[in-house]
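Before any comments, here is the structure.
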Amino acid sequence: MPTAVRPGIGYAATIGAAALFGVNGTVSTLALQAGVEPTRLVSLRCAGAALVLLAVLAVAAPARLRLSLREVPFLAVFGVVGVALTQFLYYVAIDRLPVGIALVFEMTAPVLIALYVWLVRHERVRSRLWVALGLSLSGLLLVAQVWEGGGSLSATGVAAAFGAAICLATYYLMGERGTTTRDPVALTCWSFVAAALFWAGAAPWWRFDAGVLTESVPVSIGDLELPLGVLVAWIVVCGAVLPFWLSIGALRHLPPTTAGLVATVEPVFASVVAWLWVEQVLTGWQVLGGLVVLTGIGLAQTARAPAAATPVPEVAPS
């Protein structure tokens, strides 16, 4: 990865992507509260993003869409586990947890990655990994407020968020490998295509009543109501396509580790937006725990040896 060319653009793009992902958490929560099932919402998001990315690349750079048969198994696993299941489990989590807390759990993926490369790949890691692990675990205990009769959070929501973290770690590790042979934009496009095909089978389109997209739903801004289709369009364009594009563009100006550290502001954005928009209020302990976890994540981002840079979390499909 080349060194930063115009760092200001890189920082702006990364922060912009994190902000869009953060807002998308609340918009997705509103869609879920309107009665859209997590399977259907993630199916719409994946299919919409796949169609937009395919259309853009077909017009702007059709050669980048070329695909060989030997790439198909890798892209299928990458799309199903790294995109389809990550997004589904994230939606299950935010349906039961405050958006910011769900993201704090999910973004422990870099800690899992560092442990994986140490235990399985036998890569050298810096001693700060153990500090990162300790901070992340202690911060999560604060977030869950485990002293309150076994915890104050939904067990299903926490399990889903941790599942999303595992799938997200898989996405990073496979993406690290995939980008050595394919450019990131095309890789992202095909991952969404694979995810869309998976959900087309798991949640068939003929069972979906598209008429619900025209129904008006409250958006927690006074008495304002919008068609559900407007929320879905936001989730596809501003919650998937644009933030992914910004994240990828940022890598032209920032090294992966720097971009990854900046991207940890996403739970902060998500928590503030959810607090201001839908009044998801966190306790002081949960805010403190989230900050402790983010500190641990920051250390984990730099725990791997320089020869094997940590994947970039701001392109996470959350």
Q. Hey, Ala58 hits all of (1) surrounded by fewer than 16 Cβ atoms within 10 Å (Cβ to Cβ); (2) farther than 30 Å from Pro227 by Cβ but one; which does it fall short on?
A. (2)
Q: Determine whether the stretch 211-220 contains at least one residue that is among the acidic types (Asp, Glu), over 17 Å from the mean Cα position of the chain (by Cα) and not in a loop (DSSP other than H, G, I, E, B).
A: no
**Q.** The listed residue being aliphatic (A, V, I, L, M), crowded, with 19+ Cβ neighbours inside 10 Å and over 19 Å from the mean Cα position of the chain (by Cα), out of Val36, Val23, Val42
**A.** Val36
Q. Of the residues that make up the stretch 146-159, is at least one of a type in the set (A, V, I, L, M, F, W, C) and touching a Phe, Trp or Tyr at 6+ places or on another chain (Cβ under 6 Å)?
A. no
Q. So Thr179 fits all but one of (1) in contact with a Pro (Cβ under 7 Å, 6 or more places away or on another chain); (2) modelled with pLDDT under 90; what number is the exception?
A. (1)
Q | Unique residue being closer than 21 Å to Leu291 by Cα and either of a type in the set (Val, Ile, Thr) or modelled with pLDDT of 90 or more (or both) when the list is Val131, Val83 | A | Val131
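A quick yes/no check of all residues on (1) in contact (Cβ under 8 Å) with a residue 40 or more places away in the chain; (2) assigned to a helix (DSSP H, G or I):
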| site | (1), (2) |
| --- | --- |
| Glu123 | yes, no |
| Leu141 | yes, yes |
| Glu176 | yes, yes |
| Ala186 | yes, yes |
| Gly222 | no, no |
Q: Can you tell me which residue among Val80, Val117, Val99, Val104 is more than 26 Å from Phe269 (Cβ to Cβ), among the hydrophobic types (A, V, I, L, M, F, W, C), in contact with a helix residue (DSSP H, G or I) (Cβ under 7 Å, 6 or more places away or on another chain) and surrounded by 14 or more Cβ atoms within 10 Å (Cβ to Cβ)?
A: Val80
**Q.** Options Ala161, Ala186, Ala210, Ala169: the member that is within 30 Å of Gly289 (Cα to Cα), out of contact with any Ser or Thr (no Cβ under 8 Å at 6 or more places or on another chain) and at pLDDT below 90
**A.** Ala169
Q) When Leu276 is evaluated against the numbered criteria (1) assigned to a helix (DSSP H, G or I); (2) buried (at least 23 other Cβ atoms within 10 Å of the Cβ), which criterion, by number, is the only one it fails? A) (2)
Q: Report whether or not Leu197 is at pLDDT 90 or above and within 24 Å of Val273 (Cβ to Cβ).
A: no
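The values are calculated or read from the model by the stated rules, or taken from the named source; none is laboratory data. Please read these numbers as outputs of a predicted model, since none were measured by experiment. Neighbour counts run over all protein chains shown; Cβ positions are idealised from the backbone, glycine included.
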